[in-house]
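Presented below is the structure to which this report refers.
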Amino acid sequence: MSDGSSGPGPGQLPAITGTHVYTLPGCARRVALDMHGDRALRRDLRAEEELVLARGREHEERFVAGLAAWCEPRYDRADWERGAQQTREFLVAGVPGVLQGVLLGDDRLGIPDLLRREAGASVFGEHHYVVGDVKSSSRPRSDQLLQVVFYAEMLAELQQREPDYVYLVLKDGEERRYDWKPLRAALAEVVERIGELRAEPATTRPFLLRNCEGCRWSEVCLPELREARDLSLVNGMTAGLRSTLEAAGVATVEALAKAVVERLARRTHLEPAMLRRLRRAAEAAVAGQPLRERPGRTAAIHPAAVVHLLTDPFAERTLWIGIARRGERGGEPRIEEVVLPESEDAAFESFCDLVTRVVPAGWSLLHYGRALPDWFERHAVRRRAPWLEERFVDLARRLRGAASWPGPVFGLAEHVAFGLGRDPHRAGRTAAGAWMATQDDGAARLRAKGRADLDDLLELDAVFLAAEDRAVAEAAE
Amino acid sequence: MRRSDDPDAPSLEARLLRFLEREEVDERRSSDELRALSVEDRVLEGECIQDAVLEQVSADDVHVFRVTENLSKFRNGDAVALGDGIEFDAAWPCVYGEFDAREGRLRIERDRFVRGDLPAFETGRRYVIDRRSLGLRGRLREVVRSGFADPRIAEVFAGTHAIESDAARHARAVEKLTAAGLHASQVEAGAAAIGTESLALVQGPPGTGKTRLLAEILRLLGGAGCRIALGAFTHRAVDNVLLALRRLDPDVPLAKIGNPGSEAALLRRAGVRIVAGRGARPPATGVVAGTPYALARLPASERFHYTVFDEAGQLPIPHAIAGMLLAKRWVFVGDHRQLPPVVTAEHADTEVTASAFERLHGFYGSHLLDTTWRMNDGVCAVVAELFYDGRLHPAEEAAARRMPFVPGGTLDEVLDPERPVVLARVDHLQPGKRSVEEARLCADLVAELLRRHGLDPAEIAVVAPFRAQVRAIRSALQEAGVDSEDLVVDTVERVQGQEREVVILSLAVGDPATLDSRSKFFFSTNRLNVALSRARTKSILVASRGAFGALPADPESLYAVAVFKQLARQLPTVDLTAVYGGVRG
């Protein structure tokens, strides 16, 4: 749950909250906008984002339902003083636990999901409390940990005793405990940076990141970047590189595209090879299309099939599996598919069966990114599985070498948009797979999305890679 | 440690076999994927050199190139391919030789294991040099199968083995090791090793006399007529123990199997028999040493009383099994807080990527050598707190030691011996694997240590996580007029097992955004431990503030980063950005 969602009063600086701590590792600009921005400028939630939030709430409610003896403070919205007072009263009374307790510091506000009583003296008596938070992810993340460490520090001050540990309850409902003290230095840095943003929001500027696609402030930041022809629109750029280049007088995409590499290398001490690559990417950005490169010739990846999965990461469920032989694109590619397999075991078996049935032994299996081989390995280490790892070939890596791309490439969507000029989301966003599965016509939607993706992959392969591979194979023969 | 209760779950043996296959496949795939990148990208990955202009070809097929930009990770002896960077099939398989950074001259040599004619290369023409992969894991698969066919070995790795010991032999070992003047924790560990009837583990943090103890163990066992197999992951570690043992005992028969390594002459002078070539048999007594690949080639009929492993914290489980098959008693000496095994692929099954030492330590614990004769009080305090839960202490004679110091220099604040571990900050935002800013400071520090404070070049090591930074530092040293073969400038991996009076560690990267994606490598606390603990009296960390600013997404990396952040906060800091720095964030 987020804390401190309502803004400060006029003339007041907003409090630093656990949500800010959670958000900062992903994007400092977002924290500044959350603190000072006009919320009316945020884009509306998408259907799939609503679903994610609803699932998170359900997960939390399910977990909390098992904590019947726990107390929850009741107070008027934003009356944090009252909430904090009630929370303190619960803690002094030694209740087994507090849900959504309010912790207040000088300039800090924390609303941890869980405050649980433990034995051991504190200012409250012969007991003290530890902090936990309920998260709907399947694996713990650093931002979640930093958030509970933030709460733990506030709680330590309140109860005059450091909690022995912090904990996260993840999607499986299992509790994971962490030693929070080693993370204090990391938290201190994060809080310091948030303090700067709180006082001086202008100290941060937008930077085009993978996270921007899912951020509700994207319609504020992205036009700003485009208007400024910001260097973060260049593939391969980092915030540090941008600062270094700007300090050397190269502040726009166009300026970088025209820069003299040797001179720039002398001024910045950056590696000339890196500057050449960035300049080429800037040239592609100016041209608005990929500029073909001449990669090294690999051993022939021919013949081959393209394999693709759609998944629901929250449910850890495979939604759609598709395979098509390379070269069968255009019009109606012959796609063999499985929609909404009953279980993950069934999905894995279907995948192995499809590969065995559709793809002759020895053919390469082209896939996009790490998702498929990681999924395969996760299953393969638990059971006897065919030896397919040898045949996997990552199209993402090969596409990276095939061209300089006219903008940052975070995944298949950008390769499709830049490489084929198509709307990669025409059959829905990849992140919407879980939402599609909840609809009456879910199977049809997933089939359409999976087929669209597979068609894109076949087309990208045909345009950028297949001809080269065929030539190598023929030469080898 | 996971002990699966699922009867359908694959066995550890099956998982290890899969691990080996995945490693092999990944090596090939990485090679293919690298080749699918443009030359520029391969250069940035450190796997390629472009625009190498051929200057001359000598009679022994050594090709000398002029190279203006060498960002590669290549080392002398690495397998490479020489060609146009496009047609790999037509490229010449060869070996990377000496690179003179000052002159920009690179030697490329013929690979003696590759047959075929030498292609004609034109002088004055530009060529591209790429990495070439070699597959060596086939034999290890057989080793794993044989290992798990042995119920004792299978039991040991399942964590269900009950360690057996010969009490009388243990008691005699205590007497002899005490008489040899060893410290209490060494005696305890050594006696456990000699007395074992199955397994003993000794954890040897930096400078705790691990090699001395190993040599004593081997001397006593050799003197009692035992035949011992000695294994370590690197030739350097194998040679190190053999030479230490020879210094201790001039008579015990010593042999090394296979490649004699770079210390061949030294080994021969020390009377170590090199056993190489088909049909060559190792001696029937004494110590027979080799890397796991060499030990794996010994016929099954070769039996030993003990197998002793050094640097077992770097030894993958299959490699350990290769040595374990030769004997029934196994002694593992290592430290899982120093460098781990080299694993190339990402594995969801993290148990199979752990070292043999770490896995067995998790089940059976180990004997800790708790006193360091290397580090003074200040260096030891930092290392002990960060990496050994405060359980490591300096010996009395080491604690008060300080580096020589003549005040009045420009870098006195950094070099002050009363600050045994210090952070010299040079803020910059370099995103790659090289920082000229840090390299210049490293060079000036070395120059001042040599010229003002009178240190011998052999008493200084400058280390970095990346070879590109190592080269940048070497160039900066040459520019500063410091050119000594005795001065060690290398990656951290290459200095494990060594010690110096002063160690300078340059982190090289200043852009936190690029560190988020390579945090597992960069923020390895094992590597940090190795780097800081090489120093006897002074460790200098040269870094940009940005190097500590990363916030990686996975908690394991966050904890590792937190160690670096804690270090940056607790160390005395000298900010030299105004003199050496680049752009600040």
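Calculate how steeply helix A:184-199 sits against the longest principal axis of the alpha-carbon atoms of chain A, using the helix alpha-carbon long axis, and give the answer as 0 to 90 degrees to the nearest 10.
90 degrees
Let's test the formula: R0 of 56 Å, r as the Cβ-Cβ distance of B:Lys73 and A:Ala69. What FRET efficiency results, to the nearest 0.05? Show your work: numbers first, answer last.
Working: r = 59 Å, r/R0 = 1.05.
FRET efficiency, B:Lys73 to A:Ala69: 0.40.
For B:Val426, B:Val174, B:Val414, what ranking results if the residue with the fewest other Cβ atoms within 10 Å of its Cβ goes first? Provide the component values of the computation, followed by the final result.
Details: B:Val426 28, B:Val174 18, B:Val414 24.
By the 10 Å Cβ count, ascending, the order reads B:Val174, B:Val414, B:Val426.
Give me the lysines in straight-line cross-link reach of B:Lys433: C-alpha distance below 29 Å, same-chain residues under 8 apart excluded.
Here the lysines satisfying the reach criterion relative to B:Lys433 are A:Lys258, B:Lys73, B:Lys520, B:Lys538, B:Lys565.
Find how many whole Å separate the alpha carbon centroid of segment A:85-142 from the alpha carbon centroid of segment B:179-218.
Taking the Cα centre of segment A:85-142 as reference, the centre of segment B:179-218 is 48 Å away.
Run a plain Debye calculation on segment A:396-452 (Cα atoms as equal point scatterers, no solvent) and give log10 I(q)/I(0) at q = 0.16, 0.24, 0.30 Å⁻¹, rounded to two decimals, same order as the q list.
For segment A:396-452, the Cα-only Debye profile gives -0.55, -0.91, -1.16.
For A:Asp179 paired with A:Glu349, estimate the spin-label separation in nm (one decimal), with each label point 7 Å from Cα along the Cα-to-Cβ line.
Taking the two extended label points, one gets 4.5 nm.
Counting DSSP beta bridges in segment A:267-406, what percent are antiparallel, to the nearest 5? Could you put the intermediate results ahead of the total?
Numbers: 15 of 21 bridges.
Percentage antiparallel, nearest 5: 70.
Please report the antiparallel percentage of the DSSP beta bridges confined to chain A, to the nearest 5. Working shown, then result.
Values: 31 of 44 bridges.
For chain A, the DSSP antiparallel bridge percentage is about 70.
Counting other beta carbons within 10 Å of each residue's own, what order do B:Phe19, B:Phe148 fall into, fewest first? Let's see the in-between values first.
Numbers: B:Phe19 25, B:Phe148 19.
Final ranking by Cβ density, sparse to dense: B:Phe148, B:Phe19.
Between A:Ala188 and A:Arg378, how many nm apart are label points set 7 Å from Cα along the C-beta direction?
Spacing of the two 7 Å Cα→Cβ label points: 3.7 nm.
With the Cα gyration tensor of segment B:347-395 giving a ≥ b ≥ c as the square roots of its eigenvalues, does the rule (a/c under 1.5 for rounded; else a/b larger than b/c for prolate; else oblate) give rounded, prolate or oblate?
Numbers: a/c = 3.46, a/b = 2.20, b/c = 1.58.
Prolate, because a/c is 1.5 or more and a/b exceeds b/c.
Could you give the nm distance between label points at B:Asp483 and B:Gln570, where each point is 7 Å from its Cα heading toward the beta carbon?
4.2 nm
In whole Å, what is the distance between the alpha-carbon centres of segment A:218-251 and segment B:138-165?
Centre-to-centre (Cα) distance: 56 Å.
Computed FRET efficiency, Cβ-Cβ of B:Ala90 and B:Ala400, R0 56 Å: what is it to the nearest 0.05?
Details: r = 63 Å, r/R0 = 1.13.
After rounding, the FRET efficiency stands at 0.35.
Apply the a/c threshold of 1.5 to the C-alpha gyration tensor of the protein assembly as shown and tell me whether it is rounded, prolate or oblate.
Values: a/c = 1.36, a/b = 1.19, b/c = 1.15.
Because its axes are fairly even, with a/c under 1.5, the protein assembly as shown counts as rounded.
Grab the Cα-Cα distance for B:Leu118 and B:Phe521, subtract it from 0.36 nm times how many residues apart they are, and report the gain in nm with one decimal.
Values: separation 403, 0.36 × 403 = 145.08 nm, distance 3.81 nm.
Answer, rounded to one decimal: 141.3 nm.
How big is Rg to Rh over chain A, alpha-carbon atoms, Rh as the Kirkwood inverse-mean-distance radius?
Numbers: Rg = 25.9 Å, Rh = 25.5 Å.
A ratio of 1.02.
Can you tell me which aspartates and glutamates have their Cα less than 13 Å from the Cα of A:Lys449? Leave out same-chain residues fewer than eight positions away.
A:Glu337, A:Asp423, A:Asp441
Based on other C-beta atoms within 10 Å, arrange B:Phe466, A:Phe314 from fewest to most.
On the way: B:Phe466 23, A:Phe314 16.
Ascending Cβ contact count within 10 Å gives the list A:Phe314, B:Phe466.
Excluding A:Ala403 itself, what net charge comes from residues whose Cβ is under 9 Å from its Cβ, given Lys and Arg +1 and Asp and Glu -1?
Details: positive: A:Arg292, A:Arg400; negative: A:Glu293.
Its environment carries a net charge of +1.
Considering only DSSP beta bridges with both partners in the protein assembly as shown, what is the antiparallel share in %, to the nearest 5?
On the way: 58 of 122 bridges.
If we restrict to bridges inside the protein assembly as shown, about 50 percent are antiparallel.
Could you compute the longest span of chain A free of trypsin sites (Lys or Arg not before Pro) located in DSSP loops and having at most 16 other Cβ atoms within 10 Å, not counting the site residues? Walk me through the intermediate numbers first.
Working: sites that count: A:Arg42, A:Arg43, A:Arg46, A:Arg74, A:Arg77, A:Arg334, A:Arg370, A:Arg383, A:Arg384, A:Arg422, A:Arg426.
Free of exposed loop sites, the longest segment is A:78-333.
Each reported figure results from applying straightforward, stated rules to the coordinates on display, with no laboratory input. No experiment lies behind these values; they were computed from the predicted model shown. Positions of Cβ are backbone-derived with ideal geometry, glycine not excepted, and every protein chain shown enters the neighbour counts.
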